[in-house]
Amino acid sequence: MNLKNAITDVRGIEVGHAQNDEALTGCTVILCRKGAVAGVDVRGGAPGTRETDLLNPINLVEKVHGIVLAGGSAFGLDAASGVMKYLEENKIGFNTGAAKVPIVPSAILYDLNIGRADVRPDSAMGYSAASSASSNAPAEGNVGVGTGASVGKMFGANLATKSGVGTASMDIGGGVIIGALVAVNAWGDVVDPGTNEILTGLRSGKVGPLRVGGKDRFADTLAMMKKPVGRNLLGFATRANTVIGVVATNAKLTKAQATKVAQMAQDGIARTIRPAHTMLDGDVIFALSTGARKADVTIIGAFAAEVMVEAVLRAVKMAKSAGGLPGWSKE
């Protein structure tokens, strides 16, 4: 199979973006029209989510019909309503007898500190993203949920760097495909786990009279956390950060197994973001199973973490400068 290196390589998965480029916010919809067994792992200390309790393996509903990742902080949860409207119009949902109710869990990131704070993803934007969803390789960088994403925010937006949304996939043999899509809006830095090099994050520079970092381009958030100024800043740091994403596979998983895959996929975030899963981040990863291929859940989870690593790195490498923040991509 010729892979596009995208989550849409998993059969049954479609992706659509919608954004407001002036306001620097947007949303991304991952559709599974025929339904997908789903799990979730919420690891950050400041999450914003909708419909995640039903993904608990002890609860009734087995399948979801879409996942929404949106900017706009808690306001952005409204985007899921538009996705539900789109799915209802297409007669997709959980059959309750009286009506088909689309099951659309979602998670949000905080991007109100870049662009305009009074424009957020809403029902109309969610509907637009859903109606544009396809199995083509989705755009990456400053699109959809990645439109207002940034990283390296120990000093807020002053020395932060632009980030975005990224995707990747992998054929692990036996006809099993694993894909990931992630929006990187982390408080910390993004690191290449192969070289331990900081790719992007907190930049060296001045904040008022304060000098941050040295001659290197990046100041290194962990190093700053050891210093008195860094320790003192933590008490004032904003809970305006998160990494939210989805891993998907055509392997057959139960809800409990999908939950385990979501947990293991978080390891990809831990390998690439330093520090990860802080009280200042709302990290949330969903896992979707769309097929019936047989595979060991431990193998699926191990490679879900690997694919997540690649998706995180692509999210920052595809990001362009915006909102006064420099990005990696010069295209």
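The values are calculated or read from the model by the stated rules, or taken from the named source; none is laboratory data. Computed from a predicted model, the values in this text were never measured in an experiment. Here the Cβ positions follow ideal geometry from the backbone for every residue, glycine too, while neighbour counts run over all protein chains shown. Heavy atoms of the whole protein, side chains included, go into the accessibility calculation; ligands, DNA and RNA do not. Shrake-Rupley method; radii C 1.70, N 1.55, O 1.52, S 1.80 Å.
Across region 156-197, what is the number of residues that are open to solvent by 30 Å² or more (accessible area, probe 1.4 Å), assigned to a strand (DSSP E or B) and of a type in the set (A, V, I, L, M, F, W, C)?
1
Can you spot a residue in region 280-298 that is part of a helix (DSSP H, G or I) and over 17 Å from the mean Cα position of the chain (by Cα)? Write out each step before concluding.
Within region 280-298, the subset part of a helix (DSSP H, G or I) is 297-298.
Applying the additional criterion that residues be over 17 Å from the mean Cα position of the chain (by Cα) yields 297-298.
Yes - at least one qualifying residue is present in region 280-298.
Yes/no per residue for (1) open to solvent by 10 Å² or more (accessible area, probe 1.4 Å); (2) more than 23 Å from residue 94 (Cα to Cα); (3) in a strand (DSSP E or B); (4) not basic (Lys, Arg):
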site	(1), (2), (3), (4)
23	no, yes, no, yes
27	no, yes, yes, yes
31	no, no, yes, yes
37	yes, no, yes, yes
47	yes, yes, no, yes
57	yes, no, no, yes
64	no, no, yes, yes
67	no, no, yes, yes
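The conditions are (1) in contact with a Lys or Arg (Cβ under 6 Å, 6 or more places away or on another chain); (2) under 21 Å from residue 283 (Cα atoms); (3) free of Cβ contacts under 8 Å to residues at least 40 places away in the same chain, and residue 106 fails exactly one of them. Which is it?
Of the numbered conditions (1) in contact with a Lys or Arg (Cβ under 6 Å, 6 or more places away or on another chain); (2) under 21 Å from residue 283 (Cα atoms); (3) free of Cβ contacts under 8 Å to residues at least 40 places away in the same chain, the odd one out for residue 106 is (3).
Kindly indicate whether any position in region 139-155 is closer than 13 Å to residue 114 by Cβ, open to solvent by 10 Å² or more (accessible area, probe 1.4 Å) and out of contact with any Gly (no Cβ under 8 Å at 6 or more places or on another chain).
No, the conditions are met nowhere in region 139-155.
Mind listing whichever residues of region 308-327 are in a helix (DSSP H, G or I) and either crowded, with 23+ Cβ neighbours inside 10 Å or not basic (Lys, Arg) (or both)? Give the derivation first.
First pass over region 308-327, keeping only residues in a helix (DSSP H, G or I): 308-317.
Residues satisfying the conditions are 308, 309, 310, 311, 312, 313, 314, 315, 316.
Take the residues in region 198-209 that are among the aliphatic types (A, V, I, L, M) and within 14 Å of residue 156 (Cα to Cα), then tell me which one is surrounded by the most Cβ atoms within 10 Å (Cβ to Cβ).
Step one: list which residues in region 198-209 are among the aliphatic types (A, V, I, L, M), which gives 198-199, 202, 207.
Add one more test, that the residue is within 14 Å of residue 156 (Cα to Cα), and what stays is 202, 207.
Values: 202: 28, 207: 14.
Ranking the qualifying residues of region 198-209, first place goes to 202.
I need the full set of residues from region 194-226 which are over 21 Å from residue 146 (Cβ atoms) and within 19 Å of the chain's Cα centre (by Cα), in order please.
none
Could you count how many residues in region 82-120 are in a loop (DSSP other than H, G, I, E, B), out of contact with any helix residue (DSSP H, G or I) (no Cβ under 8 Å at 6 or more places or on another chain) and either closer than 26 Å to residue 147 by Cβ or open to solvent by 50 Å² or more (accessible area, probe 1.4 Å) (or both)?
The qualifying residues number 12.
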